[in-house]
Amino acid sequence: MKIDIVDPVVGNFVKSLRDIGYTFEVAVADILDNSIAAKAETIKILCLPAPNMIFATLDDGLGMNESELVEAMRLAANDPDTVREPNDLGKFGLGLKTASFSQCKKLTVLSKKDGKVSVKQWDLEYISNENKWFLKTLDMTECENYPFVDSLLEQERGTLVIWEDIDSFNSEDIPSNLSDLRNHLSLVFHYFLDGKVPGRNKINIFVNEVKIDPFNPFNPNHRATQEFHGEKIRFKNSEVLVQPYILPHHSKLSPQEYERYATTEGYTKSQGFYLYREHRLLIHGTWWGMHKMNDAHRLVRIKIEISNTQDADWGIDIKKSTARPVRELRKDLQRIIQQVTVKGSRPFVGRGRRIEDTTTTNFWDCHVKEGSVRFVINKKHPVLNKLNENLTDEQQELLKIYLSSLEGFLPLDTIVAQLHTNPHKVNQEPEISNEELIALVEKWRNSGVSEEFIQSLIKTEIFKGKREFLINEN
């Protein structure tokens, strides 16, 4: 048997390595995973457009000596099958490199440990020209203009990551990129930012000197949030924690809070499972094909927490943006979906049932026939009946045609769209004060309207919530 060594064409390989599909915010989150694994408590991020666009992250983690830094710069430095320490957010030993290469052509890392700073650099243009994986060692004099260098020198320890020759975006994109980054980091690392990770201190993250606040997508502190009993499901030698939540209906929230918890994707696309590994959010807003996205379930969010020993079982990829539910757990997950979605639809179904309230005479009825649903005007409404008494046959026919047309052209799509996008702006309540209602009832009585008819009017929707007030006044 003959064996040939066929080295890859490094220049072509580098281009393939850069095109893995990272977005800016996902790439930065991958860099921060290393800082968090290094027990950093403060992480500073800076992105500057001029004179040459540059990106930097500085942490106060454990830092690395020269040999450790060389290993950190090595591609695939980690065996993905190796058992890792708890709270280690890495896996393949590729995150720092692939995330950086997806955004820039020059990656420089400065790390301080035991009072000494080590500097290494991957320059992809240089590598392509030489067709070898040559790792550069820089002098500190070559790094003096980098952001945060003075801060690193003042710190006892830490690591500084620099991106240069950025070609994934231009300077005009920086404001929107940083906005997306702040939203992403506040969500992905919210447990760390909130100091809710057992065994470690709270983490502070600054983006261009703006501190990131945690964003917990389950809104657990709101009194109207429904937090269900969590289940611990045994899987191999570890556990999977499943915790369902139902978020508050928009009527329980301020417009600002409602918009915030909709996330940039909106409530409908944000429903479903939220997969965390070691308290770091990986995947969110998916049912993994076990349930259909449903507007009635848009307030349902289910947290799944796994350990870093389950990566292979869940199929977690390099970017930490793809995963699949473990086959052995699907039956339990489907059972939990069924339980929580039934309850999750109640804020909407319950409000829909108001139209069937037998204690109130409604303007609209809901007719269900052979599986179809139709909203029709209540033909037994006392106002309509009273009106018909005073109309000629021809006028009654015209009114019937008008009401039937009104039913048929009810703008359901527009109503639903507005309720989804601007629920707090939709206001169909009649603006009639208690004083106006009292005057109206008194006017009826004085004009000889029968008490029976007056009481039938008081039972209509327009008086709902004010009937006790009217009774007390009379």
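Say we look at region 317-334 and pick out the residues that are more than 21 Å from residue 31 (Cα to Cα) and without any contact (Cβ under 8 Å) to a residue 12 or more places away in the chain; which of these is least open to solvent (accessible area, probe 1.4 Å)? Ranking the qualifying residues of region 317-334, first place goes to 331. For region 206-244, enumerate the residues that are of a type in the set (A, V, I, L, M), assigned to a strand (DSSP E or B) and either over 21 Å from residue 264 (Cα atoms) or at pLDDT below 95 (or both). Within region 206-244, 233, 240, 241, 242 meet the criteria. Taking the conditions (1) in contact (Cβ under 8 Å) with a residue 60 or more places away in the chain; (2) touching a strand residue (DSSP E or B) at 6+ places or on another chain (Cβ under 8 Å) in turn, residue 184 satisfies each one other than (2).
Filtering region 356-365 down to residues that are modelled with pLDDT of 75 or more and more than 18 Å from residue 455 (Cα to Cα), which residue is most open to solvent (accessible area, probe 1.4 Å)?
Result: 364.
Output yes when any residue across region 175-193 is more than 18 Å from the chain's Cα centre (by Cα) and either part of a loop (DSSP other than H, G, I, E, B) or more than 26 Å from residue 97 (Cα to Cα) (or both), and no when none is. Checking region 175-193: not a single residue is more than 18 Å from the chain's Cα centre (by Cα) and either part of a loop (DSSP other than H, G, I, E, B) or more than 26 Å from residue 97 (Cα to Cα) (or both).
Residue by residue, here is whether (1) in contact (Cβ under 8 Å) with a residue 24 or more places away in the chain; (2) under 18 Å from residue 32 (Cα atoms); (3) in contact with a Ser or Thr (Cβ under 6 Å, 6 or more places away or on another chain) holds:
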| site | (1), (2), (3) |
| --- | --- |
| 191 | yes, yes, no |
| 197 | yes, yes, no |
| 201 | yes, yes, no |
| 204 | yes, yes, yes |
| 208 | yes, yes, no |
| 211 | no, yes, no |
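Which one of 172, 257 is outside any loop (DSSP other than H, G, I, E, B) and either modelled with pLDDT of 95 or more or loosely packed, with under 14 Cβ neighbours inside 10 Å (or both)? Quick ask: steps written out before the conclusion?
On the way: 257 fails: either modelled with pLDDT of 95 or more or loosely packed, with under 14 Cβ neighbours inside 10 Å (or both).
After ruling out the rest, the residue left standing is 172.
Those residues that are in a helix (DSSP H, G or I) and in contact (Cβ under 8 Å) with a residue 60 or more places away in the chain, I need them from region 361-415; list them, please. Those that are in a helix (DSSP H, G or I) and in contact (Cβ under 8 Å) with a residue 60 or more places away in the chain: 382, 383, 386. For region 263-316, the candidate set comprises residues that are assigned to a helix (DSSP H, G or I) and touching an Asp or Glu at 6+ places or on another chain (Cβ under 8 Å); within that set, the residue that is most open to solvent (accessible area, probe 1.4 Å) is 312.
To keep it simple, each residue is scored yes or no on (1) modelled with pLDDT of 95 or more; (2) farther than 20 Å from residue 15 by Cβ; (3) part of a loop (DSSP other than H, G, I, E, B).
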| position | (1), (2), (3) |
| --- | --- |
| 78 | no, yes, yes |
| 112 | yes, yes, no |
| 120 | yes, yes, no |
| 125 | no, no, no |
| 129 | no, no, no |
| 145 | no, yes, yes |
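Name the single residue that is farthest from residue 105 (Cα to Cα) among those in region 140-174 being of a type in the set (A, V, I, L, M) and touching a strand residue (DSSP E or B) at 6+ places or on another chain (Cβ under 6 Å). Ranking the qualifying residues of region 140-174, first place goes to 152. Looking only at region 387-409, decide whether some residue is open to solvent by 60 Å² or more (accessible area, probe 1.4 Å) and at pLDDT below 80. No, because not a single residue in region 387-409 is open to solvent by 60 Å² or more (accessible area, probe 1.4 Å) and at pLDDT below 80. State the number of residues belonging to region 150-169 that are out of contact with any helix residue (DSSP H, G or I) (no Cβ under 8 Å at 6 or more places or on another chain) and crowded, with 16+ Cβ neighbours inside 10 Å. Summing the residues that are out of contact with any helix residue (DSSP H, G or I) (no Cβ under 8 Å at 6 or more places or on another chain) and crowded, with 16+ Cβ neighbours inside 10 Å in region 150-169 gives 6.
The values are calculated or read from the model by the stated rules, or taken from the named source; none is laboratory data. Worth saying up front: this structure is predicted, and the values here are computed from it rather than measured. Here Cβ is always computed from backbone atoms with ideal geometry, including for glycine, and neighbour counts include all displayed protein chains. Keep in mind that these areas ignore ligands, DNA and RNA; they rest on the heavy atoms of the full protein, side chains included. Shrake-Rupley method; radii C 1.70, N 1.55, O 1.52, S 1.80 Å.
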